[in-house]
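The values are calculated or read from the model by the stated rules, or taken from the named source; none is laboratory data. None of the values given here were measured: they were computed from a predicted structure. Cβ coordinates were reconstructed from backbone atoms using ideal geometry, including for glycine residues, and neighbour counts include every protein chain displayed. For accessibility, only protein heavy atoms count, side chains too; no ligands or nucleic acids. Shrake-Rupley method; radii C 1.70, N 1.55, O 1.52, S 1.80 Å.
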Amino acid sequence: MAREVSPQVSERALVAGLFGAYYHVLRLPFRQDSPRVQAKTRGKLRIDYNEKNVGYNKLRESLLAIGDIVEITPDANNADTWVINAVEKRRNAIHRASFDRQQCLAANVDGVIIMASIRSPDFNLGFVERCLAEIRIAGVDVILVVNKFDLLTAPDKDTESILAYHETMGLRVFRESVQGGLSPQLHACLDHGTWLLLGQSGTGKSTLLNRVFGENLQTVGEVSLINKGRHTTTNPALFYSPLKDDLVLIDVPGLREFGMHHRDVHEIRGGYPDFEAYPCRFEDCRHLNEPGCGIKAALAEGKLPEFRYRYYVAMLDSVQENFKPRKGDYWRGVRK
Ligand SMILES: Nc1nc2c(ncn2[C@@H]2O[C@H](COP(=O)(O)OP(=O)(O)O)[C@@H](O)[C@H]2O)c(=O)[nH]1
Ligand SMILES: [Mg+2]
Ligand SMILES: [Zn+2]
């Protein structure tokens, strides 16, 4: 008769920080005073989230991301360390590309906060447009915070018309001066959930974190800037506070570029839900030189703002070198 084997103790945990070969994980169910433990992968990881990879030059990417839910067991050889055996399927994931790499900035989030500033630094429309496209491709809820309105001496009509367009399309936009405190509307919006904070340096992300969490700010993660020639890696960090029970914010310190060349043309088109109101003769129309293009017509009639199209084309340009047509694409063989 077989000897009874005692089942190995395994627990679920949340990946909260990346430290080289190690991860910091918080055991679930997540409590704001949960101790963080050190964990590492060993052997072959059972991965459940495998995304489709249909022959594109998929850019290299690290295995786990902040927000991943993993299964851990104690390390028999090391009392301080746990072993990560498996990863649960991701509900969603936000990626960006930087040079020849793609990075998952966070997985399993409830929403993304795009943080921009109206001045100092000036409103960076390209950055916002690329973030918006990625977030919509990923199917995640999003808000846009435009900070530092206190620095504005006169209305900024150009930026306002851009914000107004996005608001008409359903985006929630918050005009803020977070240094002096959050507006009641933004405060109410950031009441609970796990949010990824995306914005360039200097827009006020750390200030927002401090205003939201106060003195009880807890951090897991570190800024690790590895400068190997042109490569700069910046790791996201997770923030929470014992006083704010259901709220987690994930910051990406030092985020400078938000490349979209990990995506392909099909996906980029999915990042433009507002284009769907203007059908084209060809269902697969890229809106470049194709005949009967509804987007070109909408632009000519002033129904679509020029800036939406300008950044769309720039995004397509950035993916062209990675893009290999799929079997059956009608433009297969068409020269660039
Ligand atoms: N005038 C103004 N300055 C702000 C505001 N929020 C942040 N700042 C300043 O902008 C600079 C960058 O802020 P920080 O929170 O570090 O930005 P981060 O790089 O996105 O984390 C700091 O000097 C802040 O004091 C604001 O609402 N108004
Ligand atoms: Mg910061
Ligand atoms: Zn078209």
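Couple of notes before you dig in:
- FRET efficiency estimate (nearest 0.05) - Cβ-Cβ, SER10 to THR168, R0 35 angstrom: 0.10
- Couplings for the range 19-28, taken from phi via the Karplus curve 6.51 cos²θ - 1.76 cosθ + 1.60 with θ = phi - 60°, read 10, x, 7, 9, 10, 9, 10, 10, 5, 9 Hz in order; Gly and Pro are left as x.
- Between amide H atoms placed 1.01 Å from N, distances below 5 Å from ARG27 occur with LEU14, VAL37, all of them 5 or more places distant or on a separate chain.
- 3J(HN,Hα) along the range 300-312: 4, 8, x, 7, 10, x, 4, 5, 4, 6, 4, 6, 4 Hz, from the Karplus curve 6.51 cos²θ - 1.76 cosθ + 1.60 with θ = phi - 60°, whole Hz, x for Gly and Pro.
- The order of the peptides 150-163, 274-287 by mean Cβ neighbours within 10 Å, most packed first, is 274-287, 150-163.
- Here the mean projected area of the convex hull built on the C-alpha positions of the range 265-320 is 3.5 nm².
- Amide hydrogen neighbours beyond the local backbone of GLU176, cut-off 5 Å, H modeled: VAL146, ASN147, LYS148, PHE149
- Kirkwood hydrodynamic radius over Cα pairs of the range 94-251, then Stokes diffusion coefficient at 37 °C and 0.692 mPa s, in µm²/s: 200 µm²/s
- With the Kirkwood sum run over all distinct C-alpha pairs, the range 75-150 has a hydrodynamic radius of 15.1 Å.
- Solvent exposure ordering (accessible area, 1.4 Å, most first) of GLU176, GLU88, GLU301: GLU301, GLU88, GLU176
- Virtual paramagnetic centre 7 Å along Cα→Cβ of LEU28, amide N under 11 Å, in the range 69-89: 69-72, 87-89
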